[in-house]
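Chemist: Next up is a structure, given as structure tokens.
Where a number appears in this text, it was derived from the coordinates with a stated rule and is not lab data. No experiment lies behind these values; they were computed from the predicted model shown.
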Amino acid sequence: MASQDQYQQRASECLRLAQQSVDEKERKTWRELALCCQRLSEHAEDFHRVSRGSLTAKEDGIDKSIGGISQARRRLPANGEVHA
């Protein structure tokens, strides 16, 4: 996995290329790619924070609530029908 800094550098490079582009479709593509790189940077930051065990209490609570949602989904009937 690339580091957060590498993803941020790629995002900056994509934005620079978008500004230099004369074609609107190409500019849009570069901007979308920059957004993807920025999101990857955020995910890399989250991954490194979790791998170092430095979750805050709020983040830990979010993880627990997501786990509860996953458990609830597993209890749903296989056909997806829910009866009240």
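Chemist: At 0.36 nm per residue, minus the direct Cα-Cα distance, what do ARG39 and GLN6 gain on full extension? Give it in nm, one decimal, please.
Modeler: 10.7 nm
Chemist: What length, rounded to one decimal in nm, is gained on full extension from GLU26 through to HIS48, with 0.36 nm per residue of separation minus their alpha-carbon distance?
Modeler: Computed gain between GLU26 and HIS48 is 4.6 nm.
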